[in-house]
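Bear in mind these aren't lab numbers, they're just calculated from the coordinates by the rules spelled out. Being a predicted model, the structure only gives us computed values, none of them experimental. Reconstructed Cβ throughout: ideal geometry from the backbone, glycine too, with neighbour counts over all protein chains shown.
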Amino acid sequence: MPKQDALSWFEIPAADLRRATRFYEAVLGRSLKTETMGDRTLAVFPYHEPGVGGCVIAGNGHVPSPNGAVVYLDAAPKIDDALARVAAAGGRVVLDKTALPGDLGFFAHVIDSEGNRVGLHALG
């Protein structure tokens with residue numbers, strides 16, 4: 001059986017896709033690619049294929065919430081740099097940088113510009 005990852009794709013809901021795209025581009029320091037799929041518009045995070053990808057999405061049935069599943073985004077190279085950009089990008093830190101055991105790095109939780117709880121992770 002081939003190796004499988006626990007995650008294959010994720011979608012972070014947005015009420016205002018432009019605002020949410022600006023938030024994630026500012027915090028992570030990466031550009032997102034805007035695409036349309038049917039009646040939905042999404043901004044795709046950069047990823048390598050094959051690999052785990054995801055997007056910020058606006059459209060029917062996509063409602064932001066701080067109470068749903070938490071997706072962890074790569075905040076490399078340093079989580080401190082990403083956390084320092086959260087407030088200026090329209091979000092807030094709700095769980096400060098926390099060390100993971102061994103050499104697994106650090107994580108934190110933020111509330112994004114849309115009201116979603118999102119995790120950040122980096123080794124440094």
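Provide the gained length on full extension for the span Glu25 to Thr98, in nm with one decimal, where the gain is 0.36 nm per separating residue minus the Cα-Cα distance. If you can, show how the numbers build up before the last one.
On the way: separation 73, 0.36 × 73 = 26.28 nm, distance 2.27 nm.
Gain on extension, Glu25 to Thr98, equals 24.0 nm.
Under the convention that each Lys and Arg Cβ holds +1 and each Asp and Glu Cβ holds -1, the size of the dipole of the chain around its Cα centre is about 200 debye.
Between Ser65 and Ala87, what FRET efficiency comes out of the Förster formula 1/(1 + (r/R0)^6) with R0 = 25 Å and r the beta carbon distance, rounded to 0.05?
On the way: r = 21 Å, r/R0 = 0.83.
About 0.75, to the nearest 0.05.
Computed log10 I(q)/I(0) for region 9-122 at 0.21, 0.24 Å⁻¹: -1.18, -1.49, from the Debye equation with unit scatterers placed on every C-alpha and solvent omitted.
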